[in-house]
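A.B. asks: Supplied in structure tokens, the structure appears directly below.
None of the figures in this text is laboratory data; all of them are computed from the coordinates on show. These numbers come from a predicted model, not from an experiment. Counting neighbours? That spans all protein chains shown, and the Cβs are built from the backbone with ideal geometry, glycine included.
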Amino acid sequence: MNPPPHLASPNGGLPSSVLWAQLILKDRLRPGDVAVDATMGNGHDTLFLTECVTPGGHVFAFDVQEAALIETRKRVPDEMTTLIHAGHEAMRAHLPAELHGKTSAVMFNLGYLPGTDKTLITRTETTMIAVREALELLKPAGVLTVVVYPGHEGGADEGRSMAEWAATLDSRRFEVQHLRPVNRAASPPELWVVWKRG
Ligand SMILES: C[S@@+](CC[C@H](N)C(=O)[O-])C[C@H]1O[C@@H](n2cnc3c(N)ncnc32)[C@H](O)[C@@H]1O
């Protein structure tokens with residue numbers, strides 16, 4: 001019997017946007033790297049990033065909900081993570097100055113925290129401030145990933161703004177990809193990936 005494919009969703013199908021983001025980051029992050037989880041939520045992505053940069057690395061994670069910090073703290077080791085109760089639009093101010101331009105990855109998973117108040121969603125205005133700040137934090141060859149949910153309230157607007165912004169990025173400094181399922185009736189999650197040229 002053939003071994004199952006590595007780059008697949010649990011049902012054997014193509015990777016979801018969330019899984020593509022993880023696959024790309026896992027391939028590029030190294031022990032000792034610094035990464036940012038811009039939308040901590042229940043901490044699954046914070047844990048994922050921590051595992052990618054262990055040993056010796058560090059993950060800074062942001063959320064506006066205290067519940068997210070409480071949930072995430074249960075999953076991730078103290079010494080490798082700084083959990084910040086603040087909006088990602090202030091990420092540059094919260095990261096030590098010596099890490100500006102030295103961060104290997106910034107990961108966004110937009111929308112709301114499953115199982116909680118759906119009104120506490122990411123907002124286009126602050127999201128777009130944050131993705132701009134994220135590019136300033138990245139080191140050469142660093143990667144930004146943004147999963148957008150066009151089917152959620154406000155998600156289509158975030159998707160449009162991401163597309164407009166991505167189109168303005170100088171191709172001599174950044175490479176941008178947009179991955180999305182194209183033959184589904186609903187509006188499935190989409191992934192934006194920005195690679196800062198090394
Ligand atoms: C889809 S969830 C993230 C899922 C999470 N990465 C995980 O692994 O569980 C989106 C999160 O973004 C948070 N959020 C909303 N606005 C934010 C902001 N301005 N800055 C940081 N986080 C924000 C929400 O509170 C929510 O927890």
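A.B. asks: Only bridges whose two residues both fall in the chain count here: according to DSSP, what percent of them are antiparallel, nearest 5?
C.D. replies: If we restrict to bridges inside the chain, about 40 percent are antiparallel.
A.B. asks: Once you order the gyration tensor axes a ≥ b ≥ c over the Cα atoms, which shape class does the range 29-196 get: rounded for a/c under 1.5, otherwise prolate or oblate by comparing a/b with b/c?
C.D. replies: oblate
A.B. asks: Taking amide H positions as placed 1.01 Å from N in the peptide plane, with prolines and chain starts having none, which residues 5 or more places from THR81, or on another chain, fall under 5 Å of its amide H?
C.D. replies: Excluding prolines and chain starts, which carry no amide H, the hits are VAL59.
A.B. asks: Then there is this: When the chain is treated as a GNM, springs tying every alpha-carbon pair under 10 Å, which of SER171, SER104, SER187 comes out with the largest mean-square fluctuation?
C.D. replies: Result for the chain, Cα springs under 10 Å: SER171 fluctuates most.
A.B. asks: What does the extension gain come out to for ASN2 and LEU135, with contour length at 0.36 nm per residue minus their alpha carbon separation?
C.D. replies: Net length gain for the segment: 43.8 nm.
A.B. asks: Relative contact order (percent) for the range 29-196, with alpha-carbon contacts under 8 angstrom and 6 or more residues of separation?
C.D. replies: That works out to 19 percent.
A.B. asks: Using DSSP to call loops (not H, G, I, E or B), can you name the chymotrypsin sites (Phe, Trp or Tyr not before Pro) in the range 44-151 whose Cβ has at most 11 other Cβ atoms within 10 angstrom?
C.D. replies: Nothing satisfies the criteria.
A.B. asks: Suppose only helical runs count, i.e. DSSP H with n ≥ 4. What mean residue ellipticity at 222 nm does that imply for the chain under -39500 (n - 2.57) per run, divided by all residues and rounded to the nearest 500 deg cm²/dmol?
C.D. replies: Value at 222 nm, helices only, nearest 500: -9500 deg cm²/dmol.
A.B. asks: Now for a separate question. Which of SER171, ALA86, VAL148 sits closest to the plus end of the dipole of the chain, meaning its Cα is farthest towards the positive end, when Lys and Arg get +1 and Asp and Glu get -1 on the C-beta?
C.D. replies: Going by the charge dipole, the pick is SER171.
A.B. asks: So, one more: Cut-off under 16 Å on the C-alpha distance; same-chain residues fewer than 8 positions from LYS139 excluded. Which lysines are left, in chain and number order?
C.D. replies: Correct list for LYS139: LYS102, LYS196.
A.B. asks: Here is a follow-up. Taking a cut-off of 25 Å between Cα atoms, list the lysines near LYS118, but don't count ones fewer than 8 places away on the same chain.
C.D. replies: Result set, ordered by chain and number: LYS74.
A.B. asks: To the nearest 20 debye, what charge dipole does the chain have about its Cα centre, counting +1 at the Cβ of each Lys and Arg and -1 at the Cβ of each Asp and Glu?
C.D. replies: 560 debye
A.B. asks: Moving on to the next point. Give the order of SER161, SER9 when sorted by the count of other beta carbons within 10 angstrom, beginning with the fewest.
C.D. replies: The order, fewest Cβ neighbours first, is SER9, SER161.
A.B. asks: Can I ask one more? Which net charge results for the neighbourhood of MET128, defined as the other residues with beta-carbon distances under 15 angstrom from its beta-carbon, given Lys and Arg at +1 and Asp and Glu at -1?
C.D. replies: For residues surrounding MET128, the net value is -3.
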